[in-house]
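Below you'll find the structure, written out as structure tokens, and then a few comments.
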Amino acid sequence: MAKLTAWDRVQLARQLERPKSLDYIQKIFEDFMELHGDRNFADDKSIVGGIATIDNIPVTVIGEQKGKKIKENMERNFGMPNPEGYRKALRLMKQAEKFKRPIITFIDTPGAYPGMGAEERGQGEAIAKNLMEMARLKVPIICIVIGEGSSGGALAIAVGDRIVMLENAIYSILSPEGFASILYKDSTKAKEAAENMKATAQDLKSLEVIDYIIEEPEGGAQEDVNQVALNIRKYILKNIKELQKLSTEQLLNERYEKFRKM
Amino acid sequence: MIIDKVKKVNKTEKERTKNKIAANMMIGKWVKCDECKEIIYKEELHKNLSVCPNCGKHFRLSSRRRINQIADEGTFTEIASEIQTKDPLNFDGYLKKVEILKEKTKIEEAVKCGICNIEGEKAVIAVMDGNFLMGSMGSAVGERITIAIETAIEKRLPIVIFCVSGGARMQEGIVSLMQMAKTSSAIAKLNEEGLLYISVLTDPTTGGVTASFASLGDIILSEPKALIGFAGPRVIEQTIKQKLPQGFQSAEFLLEHGFIDKIVERKDMKSTIAKIIRLHKGGKVEDG
Ligand SMILES: [Zn+2]
């Protein structure tokens, strides 16, 4: 496979045809049932969540959901959650803890939505609360960046025991465009920014921010979504079983140490 | 003719005063309040806790001045000062910029932590400093704050964090983002230990700091009129393609929307914090 530049991967990660959370969820899990709402304000469609099984193990699944067509993207707010999205995720994660289900999250967002309503309803508080709660949930958590993992909006469902990325996913403090406009005062230098900001799976693996890179077929995940789903499934099964062997205390200590050394 | 001359003299007199003020501002003796436009003698401003004597505007404070205002005299002992800026991305020019800034500001990083007494109540404090890369959170800030939280746990003390931040330390990329998870995890542990955390938001508190420890206090205080939000006002305006209403994301706005407990003027901050700490002393359940 020809070596891809960071900018190539940014393009791949953002591709409309690239498989989204629900594509994987439907292929990886046997019987996903979607659940809705944060019990407080609304159901945010940019985050989907529910219960399912994988090899007869009940799990809670949460994913940031972009659309593939313009209409679906409008409905999904282009995968940019509002506070109620993060609060729905937290509600489902607390539920998972109650019923001792492992949690699997799929990360794919350009960022938390920077709108007026989001600020009025406490976007910062919603994200902060998730980080704090996820740090101590007494069940295994596996977080998978499948496309674009941008800023606190991505991190808000990405605190767990295993943090992994698809080969062509990116995970960063903000978009290369935003990075360029802040540090180079020129948003057209996004390509240059993408190379320097170390946001590819390989970069994050060498920075020891992620644990593992899940392979994609040549040309990207959209070329063979079944194969990628299978790769993810294998990873999840192997690691759920590993994590379930740990005592709660061990699990939480290791999760704490994981972020403590970053 | 005569009147003209008088006018001219008055004008030059006025100009001279103006020039004098300008010159004094240049050498840093005077500052202009950008709220009420009053020219204030710096010494007078500092005596007034850096609050405009004319309109009450709370000027931004350095960590040094803040600590002097909050800690009982001579009780502050710094911790975690050995933690220095890191450059995980090998970002071109970053460390050099930091060195120049350290030299210029005499500040080591965007937060200073320590243990002190506040009206006799022992506490851990962490004070962010907006003069250092806009109080942005990189690994040193995250690490120092985490050490402060862990020190509070180890010594069974309350912790007070004064927040001021423009957001993430972009030059540290993903490592900067991870500081949000690290500090929030530490706060989660503090909660399990039943220890008090008071978060004080000051102008401006935004981005990753808002979306982590700043929003996680048992009690969240703010200085008047502080700008507090996740997304910055400019980003929101670009997104919604309209101007934000006056006072959007101000402390008063957040109080109204239920995200902070109390707005406290600087002159009352020390006594308010001490009172909150005292109020948490009675209810402690002893082990056994
Ligand atoms: Zn004033």
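log₁₀ I(q)/I(0) of region A:92-240 at q = 0.15, 0.16 Å⁻¹, via Debye over equal Cα point scatterers, no solvent, to two decimals?
So the normalised log intensities work out to -0.85, -0.95.
Mind checking the mean number of beta-carbon atoms from other chains within 10 Å of the Cβ atoms in B:229-238? Intermediate values should be presented prior to the final figure.
Numbers: counts 7, 16, 12, 1, 2, 1, 5, 6, 2, 1.
Counting other chains' Cβ atoms within 10 Å and averaging over B:229-238 gives 5.
Where only protein heavy atoms count, and the probe is 1.4 Å, what is the accessible area per residue for chain A in Å²?
Numbers: 10230 Å² over 262 residues.
On a per-residue basis, chain A sits at 39 Å².
Could you name the lysines whose alpha carbon sits less than 23 Å from that of B:Lys243, not counting residues in the same chain fewer than 8 places away?
Straight-line reach from B:Lys243, under 23 Å: A:Lys185, B:Lys225.
At 1.4 Å probe size, with the rest of the protein present, what percent of the exposed accessible area of chain A is carbon and sulfur atoms?
Numbers: 5220 of 10230 Å².
The value for chain A is 51 percent carbon and sulfur by accessible area.
Any idea of the total accessible area buried by the B-A contact, 1.4 Å probe, rounded to 100 Å²? Mind dumping the intermediate values first?
Details: alone 16490 and 12160 Å², together 24840 Å².
Buried: approximately 3800 Å² between A and B.
Can you check how the C-alpha radius of gyration of the protein assembly as shown compares to 2.2 N^0.38 Å, as a plain ratio? Show your work: numbers first, answer last.
On the way: Rg = 25.2 Å, N = 550, 2.2 N^0.38 = 24.2 Å.
Working it through for the protein assembly as shown, the quotient is 1.04.
Count the DSSP beta bridges whose two residues both fall in region B:78-195, then state the antiparallel fraction as a percent rounded to the nearest 5. Intermediate values should be presented prior to the final figure.
Details: 10 of 15 bridges.
Of all bridge pairs located within region B:78-195, approximately 65 percent are antiparallel.
Normalise the Cα radius of gyration of region A:35-93 by 2.2 N^0.38 Å (N = residues in it) and let me know the number.
Details: Rg = 12.1 Å, N = 59, 2.2 N^0.38 = 10.4 Å.
Taking the Cα Rg and dividing by 2.2 N^0.38 Å, one obtains 1.17.
Counting alpha carbon pairs within less than 8 Å and at least 6 residues apart, what relative contact order, in whole percent, applies to region B:60-281? Spell out each step's value before the answer.
On the way: 437 pairs, mean separation 37.2, N = 222.
The value is 17 percent.
Step through the residues of region A:4-14 one at a time and calculate ³J(HN,Hα) from phi using the Karplus curve (6.51 cos²θ - 1.76 cosθ + 1.60, θ = phi - 60°), rounding each to whole Hz and writing x for Gly and Pro.
So the J values, rounded to whole Hz, are 8, 7, 4, 5, 4, 5, 4, 4, 4, 4, 9.
Kindly report the accessible area of region B:93-164 per residue (heavy atoms of protein chains, probe 1.4 Å, no ligands, DNA or RNA), in Å². Could you put the intermediate results ahead of the total?
Details: 2600 Å² over 72 residues.
Spelled out: the 1.4 Å probe surface of region B:93-164, per residue, equals 36 Å².
Cross-link list A:Lys261/B:Lys122; A:Lys27/A:Lys68; A:Lys94/A:Lys238; B:Lys106/B:Lys155; A:Lys205/B:Lys189; A:Lys45/A:Lys94: which exceed 21 angstrom alpha carbon to alpha carbon?
Going by Cα-Cα distance, A:Lys261/B:Lys122; A:Lys94/A:Lys238; B:Lys106/B:Lys155; A:Lys205/B:Lys189 fall outside the 21 Å limit.
Explain nothing, just compute: Karplus ³J(HN,Hα) = 6.51 cos²θ - 1.76 cosθ + 1.60, θ = phi - 60°, for every residue of region A:212-228 in order, whole Hz, x for Gly and Pro.
Going residue by residue, I get 7, 10, 8, 5, 10, x, 4, x, x, 4, 5, 6, 7, 5, 4, 5, 5 Hz, with x marking Gly and Pro.
Using modelled amide H (1.01 Å from N, peptide plane; none on Pro or chain starts), what sits under 5 Å from the amide H of B:Arg60, excluding residues fewer than 5 places away?
none
Keeping all protein chains in place and using 1.4 angstrom, which order do A:Glu148, A:Glu75, A:Glu133, B:Glu119 fall into by accessible surface area, from largest down? Display every interim value, and only then the final one.
On the way: A:Glu148 15, A:Glu75 100, A:Glu133 45, B:Glu119 80 Å².
So the residues, ranked largest to smallest area, are A:Glu75, B:Glu119, A:Glu133, A:Glu148.
Can you list, bin by bin at 10 Å, the percent of alpha carbon pairs in chain A, starting at 0?
7, 32, 39, 19, 3, 0
Output the relative contact order of chain A, whole-number percent, from Cα pairs under 8 angstrom with separation of 6+ residues. It would help to have the intermediate numbers written out before the result.
Working: 531 pairs, mean separation 47.1, N = 262.
In percent, rounded to a whole number, it is 18.
Quantify how strongly other chains surround peptide B:184-194 by giving the mean number of their Cβ atoms within 10 Å of each of its Cβ atoms.
Working: counts 12, 13, 5, 4, 10, 5, 1, 2, 2, 0, 0.
Per residue, the number of nearby Cβ atoms from other chains is 5 on average.
So, by mean Cβ neighbours within 10 angstrom, what's the order for A:165-176, B:84-95 with the highest one leading?
For the peptides A:165-176, B:84-95, the packing ranking is A:165-176, B:84-95.
Want the number for B:Asp34 to B:Glu99: 0.36 nm per residue separation, take away the alpha-carbon distance, what's left?
On the way: separation 65, 0.36 × 65 = 23.40 nm, distance 3.01 nm.
Full-extension gain reported as 20.4 nm.
So which helices of chain B fit the span-like rule, where a helix is a whole DSSP H run, its Cα atoms reach 15 Å or more along the axis, and its mean Kyte-Doolittle is at least -0.5? List each step's numbers first, then the result.
On the way: long enough: B:2-26 (35 Å, -1.00); B:94-105 (16 Å, -0.69); B:139-155 (23 Å, 0.36); B:173-192 (30 Å, 0.41); B:266-279 (20 Å, -0.34).
Counting only whole DSSP H runs, the qualifying helices are B:139-155, B:173-192, B:266-279.
Take every residue in peptide B:164-176, count the Cβ atoms of other chains within 10 Å of its Cβ, and give the average of those counts. Write out the running numbers ahead of the final one.
Numbers: counts 0, 0, 1, 5, 5, 1, 8, 6, 3, 13, 15, 7, 3.
The per-residue average across the peptide is 5.
Output the peptides B:49-58, B:99-108, B:155-164 sorted from most to least packed, where packing is the average of other Cβ atoms within 10 Å over each peptide's residues.
Values: B:49-58: 17.0, B:99-108: 13.3, B:155-164: 23.2.
For the peptides B:49-58, B:99-108, B:155-164, the packing ranking is B:155-164, B:49-58, B:99-108.
Can you tell me the relative contact order of region B:170-288? Whole percent, Cα pairs under 8 Å, sequence separation 6 or more.
On the way: 131 pairs, mean separation 25.7, N = 119.
It rounds to 22 percent for region B:170-288.
Would you calculate, for chain A, the mean residue ellipticity at 222 nm contributed by helices, counting each DSSP H stretch of 4 or more residues as -39,500 (n - 2.57) and dividing by all residues, to the nearest 500? List each step's numbers first, then the result.
Values: 12 runs with 114 residues, N = 262.
Roughly -12500 deg cm²/dmol at 222 nm, from the helical runs in chain A.
Net charge around A:Gly67, counting only other residues with Cβ within less than 15 Å of its Cβ (Lys, Arg = +1; Asp, Glu = -1)?
Working: positive: A:Arg14, A:Arg18, A:Lys20, A:Lys45, A:Lys66, A:Lys68, A:Lys69, A:Lys71, A:Arg76; negative: A:Glu17, A:Asp23, A:Asp44, A:Glu64, A:Glu72, A:Glu75, A:Asp108, A:Glu148.
With Lys, Arg at +1 and Asp, Glu at -1, the net is +1.
What distance in nm lies between label points placed 7 Å from Cα along the C-beta direction at A:Thr5 and A:Glu218?
Label-label distance for A:Thr5 and A:Glu218, simple model: 2.2 nm.
Pairs to check: B:Lys102/B:Lys275; B:Lys86/B:Lys267; A:Lys189/B:Lys96; A:Lys69/A:Lys100. Give those whose C-alpha atoms are more than 32 Å from each other in this structure. It would help to have the intermediate numbers written out before the result.
On the way: B:Lys102/B:Lys275 35 Å; B:Lys86/B:Lys267 36 Å; A:Lys189/B:Lys96 22 Å; A:Lys69/A:Lys100 36 Å.
Going by Cα-Cα distance, B:Lys102/B:Lys275; B:Lys86/B:Lys267; A:Lys69/A:Lys100 fall outside the 32 Å limit.
Where both residues lie in the protein assembly as shown, what percent of DSSP beta bridges are antiparallel, nearest 5? Show your work: numbers first, answer last.
Values: 28 of 66 bridges.
If I count the DSSP bridges inside the protein assembly as shown, around 40 percent turn out antiparallel.
Per residue of chain B, what 222 nm ellipticity follows from adding -39500 (n - 2.57) for every DSSP H run with n ≥ 4, rounded to the nearest 500? Write down the numbers at each step before the final one.
Numbers: 10 runs with 120 residues, N = 288.
Using -39500 (n - 2.57) per qualifying helix, the result is -13000 deg cm²/dmol.
With r defined as the distance between the Cβ atoms of A:Met33 and A:Asn226 and R0 fixed at 30 Å, what FRET efficiency is calculated, to the nearest 0.05? Don't skip to the answer; put the middle values down first.
Numbers: r = 22 Å, r/R0 = 0.73.
Given R0 = 30 Å and the Cβ-Cβ separation, E is 0.85.
Over all directions, how big on average is the projection of the convex hull of the alpha-carbon atoms in region B:60-281, in square nanometres?
On the way: hull surface 49.5 nm².
With the hull built on Cα positions only, its mean projection is 12.4 nm².
Could you compute the net charge surrounding B:Met128? Neighbours are other residues with a C-beta less than 11 Å from the C-beta of B:Met128; K and R count +1, D and E count -1.
Net charge in that neighbourhood comes out at +2.
Report, to the nearest whole %, how much of the accessible area of region B:60-281 belongs to carbon and sulfur atoms, 1.4 Å probe, protein only.
Values: 4460 of 8960 Å².
Within region B:60-281, the accessible surface is 50 percent carbon and sulfur.
Would you kindly state the longest site-free stretch of chain A, with sites defined as trypsin sites (Lys or Arg not before Pro) in a DSSP loop (not H, G, I, E, B) surrounded by at most 15 other Cβ atoms within 10 Å? Mind dumping the intermediate values first?
Values: sites that count: A:Lys3, A:Arg39, A:Lys69, A:Lys100, A:Lys138, A:Lys185, A:Lys245, A:Lys261.
Result for the longest clean stretch: A:186-244.
The values are calculated or read from the model by the stated rules, or taken from the named source; none is laboratory data. Because the structure is predicted, anything quoted here is derived from the model rather than measured. Because the Cβ atoms are built from the backbone with ideal geometry, glycine has one as well, and the counts that use them run over all protein chains shown. In case anyone asks, the SASA skips ligands and DNA or RNA and just uses the protein heavy atoms, side chains included. Shrake-Rupley method; radii C 1.70, N 1.55, O 1.52, S 1.80 Å.
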